[in-house]
Amino acid sequence: MSRTDIVEVVGRHVELKKAGINHKGLCPFHGEKSPSFIVSPTRQTYHCFGCGVHGDAIRFLTEHHGMSFVEAVRDLAQSTGLQVPEEDISPAERAEAAQQRQHQQTLTDVLQKAADHYRKSLKGSPRAIDYLKGRGLTGEIALRFGLGYAPEGWRTLAGVFPRYDDPLLAESGMVIVQGDEGTEQKRYDRFRDRIMFPIRNVKGETIAFGGRVLDKGEPKYLNSPETPIFVKGRELYGLYESRTGLREKGYALVTEGYMDVVALAQLGFPNAVATLGTACTAEHVHKLLRFTEQVVFSFDGDAAGRRAAGRALEASLPHATDTRSFRFLFLPAEHDPDSYVRAFGSDAFEGCVRDAVPLSRQLIDHASADCDLNSAEGRSRMLAQARPLWGALPEGTLRLQLLSELARLGGLPSDELGRLWQAQASRGQRQQSGAPQTAGNQPWEGPPDDDQAPWQGSPEGGDGGSAGGAGGGGRSHFHQAWSGSGGDAKRKFKGGRWSKDAPLPPQPRRTAPKSPEDRVVQMLFGEPAWWDRLPGIEHELLHDLPAPHGPLVAWLERDLAEHGPRTWAVLSLALKADESLDAAQRRLADGDADPGATFDDFRRAVDVLLDKALTARKQALQAKAATERSALDEYRELDRQWREVKLRMSAPRKEEDR
């Protein structure tokens, strides 16, 4: 700290002016028009007379950027040319880490230069300016978020960078390269004729872009690809810009799009952030909790929004301590947060936030989906779906209260449910460790009584015939295996039965045929890339499968969103490391169970499930379709889909490589 100048550290983010022996500026922790934020170079501290925040250089970085203590120390050490001692790291590894940091800094420099170009281009494009004005945005808000415009044309960045063939342009995602090196290789800008949204990390560095078309076109939104400095599952759009808003509002509002974040900031909600085209991850939640203890997730009320809420719930559960608050806001299907505020006003939206569903109720609603709580089977299914969710909660009073509430809904005493789940968890741990298991976890106490388990036939031959071959008198392989030469060898087969004190002979263990649900899940874990080849309606079908299949599908989709398709070798390690999964789920999610499967095999297994689901929905609609036109139209559409599925199932199999 003796080498650190707090004026320099704070001055990177706040415009400071000399005021006597101190420096003064506008407080970055709350909105103000007259500067009351004082930085003292003699004491190496800062203090705001408006909101009362104060601290040293490390605290400024942890509070302003959301860094951890270690990250702040490393940042300060790097700025002063020092190295933070690392345990168990060799000089070669230290040098490699330094080289990696330098390379990452070079990539952010490239992206910042592109961001400056897009901002200048916006000023020269009346069409782009009119589009933003039409969305209700002012120049001030566009400046705050660094909005820009990528001009039309295939190689506009060639006029920005000295070398258009610089490998850094491709590595940073700004330029697409097609073909092998040479005259046939083509290069062109990734973003063309789009409003540009710089994506910044918590330090304010540009690490990626999102682009939106101005008119009709596909895709409507286009993100930078993942790079060494940008991973979608770790970053939140608008987090850097919303730091002050998070403190002023006291909660984070998680939305689903860039325009929601920017428009909400314009409309008085500067605390909004957005995921980047992926499901909310545990890392997203962890990052938000550096700035606030309250998080509100905003989703559409349709099926896709409910699925997204389920994934956000699962990401939040491990962080849901007794002092934190997670809530879930579902808007009408015709509205997103931006349109809702414009239609009904800020006060109405604030009311929706206050009335948002708390995590406890969302967990129960999620576990109760498609469960008939008026039947024992429905209550059992609800509890089975709730157990992994409840198990992900940290120890505390919220966990105890939810156990009581789930027990009440499931029709069981809470202490009995707690013992049952504890026993299931212990059994799963023993199975995972490879400990021998017996039925009911009890030692085997010998064969049943004579009148319970007759053994038909005569292993020893005699009147019953010879198991050893024609001619009788031969000892069967079965008998040899169990007679031995002493002790229990005297316990014989008598009178067509095993004697009462004889050990029960071994019986061949049958393996039940796999269900279509098993096959679909196992093939997906073997080839996760097949998920993206299914349409949305089939995603919903697989998500809605009862436990354990549906939750495993959700687990895999989250992994795809965070990491992309990974090999089974990598996925198997991730499954073992996830403590929220029990041993039965890990056994089911076996990507090696069907090693020769093709996509055609997978397609047919999904069609079996789709056939069953469509048939059930048709049967449920038959009575209403006879009297209601809308039900008849829906029935006809379901019948059309069902016939398409049947046609696919009857088609000859394709010869296809994996």
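The table below lists the values:
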item: Residue satisfying condition, being of a type in the set (Lys, Arg) and modelled with pLDDT under 85, within set ARG566, ARG604; result: ARG566
item: Restricting the stretch 157-195 to residues that are touching a residue at least 40 places away in the same chain (Cβ under 8 Å) and of a type in the set (A, V, I, L, M), the residue that is surrounded by the fewest Cβ atoms within 10 Å (Cβ to Cβ); result: LEU168
item: Failed criterion for LEU552 (all others in (1) over 22 Å from VAL231 (Cα atoms); (2) in contact (Cβ under 8 Å) with a residue 40 or more places away in the chain hold); result: (2)
item: Candidate set from the stretch 332-360 (those that are surrounded by 14 or more Cβ atoms within 10 Å (Cβ to Cβ) and charged (D, E, K, R)); member that is nearest to LEU402 (Cα to Cα); result: GLU350
item: ALA320 small (Gly, Ala, Ser) and open to solvent by less than 20 Å² (accessible area, probe 1.4 Å); result: yes
item: Search result, residues across the stretch 527-567 that are open to solvent by 50 Å² or more (accessible area, probe 1.4 Å) and among the hydrophobic types (A, V, I, L, M, F, W, C); result: ILE537
item: Condition check for LYS232: open to solvent by 30 Å² or more (accessible area, probe 1.4 Å), without any contact (Cβ under 8 Å) to a residue 60 or more places away in the chain and of a type outside the set (S, T, N, Q); result: no
item: Answer residue from the stretch 301-332, given it is free of Cβ contacts under 8 Å to residues at least 40 places away in the same chain and part of a loop (DSSP other than H, G, I, E, B) and is nearest to ALA343 (Cα to Cα) among those; result: PRO332
item: Members of the stretch 240-282 found to be in contact with a strand residue (DSSP E or B) (Cβ under 8 Å, 6 or more places away or on another chain) and under 29 Å from ASP578 (Cβ atoms), listed by number; result: TYR251, ALA252, LEU253, VAL254, THR255, GLU256, VAL273, ALA274, THR275, LEU276, GLY277, CYS280
item: Residues of the stretch 107-154 satisfying the condition of being over 20 Å from ILE207 (Cβ atoms) and either assigned to a loop (DSSP other than H, G, I, E, B) or touching a Cys at 6+ places or on another chain (Cβ under 6 Å) (or both); result: GLY124, SER125, ARG135, GLY136, LEU137, THR138, PRO151, GLU152, GLY153, TRP154
item: Total residues in the stretch 334-373, condition in contact (Cβ under 8 Å) with a residue 12 or more places away in the chain and either of a type in the set (Phe, Trp, Tyr) or more than 15 Å from LEU253 (Cβ to Cβ) (or both); result: 16
item: VAL606 being of a type outside the set (Phe, Trp, Tyr), closer than 25 Å to ASN223 by Cβ and surrounded by 20 or more Cβ atoms within 10 Å (Cβ to Cβ); result: no
item: Check on VAL213, β-branched (Val, Ile, Thr), modelled with pLDDT of 90 or more and either surrounded by fewer than 20 Cβ atoms within 10 Å (Cβ to Cβ) or over 28 Å from ARG311 (Cα atoms) (or both); result: yes
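So that you can scan it fast, the table gives a plain yes or no per residue for (1) of a type in the set (Asp, Glu); (2) assigned to a helix (DSSP H, G or I):
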position	(1), (2)
GLU334	yes, no
ALA348	no, yes
VAL353	no, yes
LEU373	no, no
LEU389	no, yes
GLU395	yes, no
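The values are calculated or read from the model by the stated rules, or taken from the named source; none is laboratory data. Nothing here was measured: the structure is a model prediction, and the numbers come from that model. Glycine gets a Cβ as well: all are built from the backbone with ideal geometry, and neighbour counts include every protein chain shown. Surface accessibility is based on the protein's heavy atoms, side chains included, excluding ligands, DNA and RNA. Shrake-Rupley method; radii C 1.70, N 1.55, O 1.52, S 1.80 Å.
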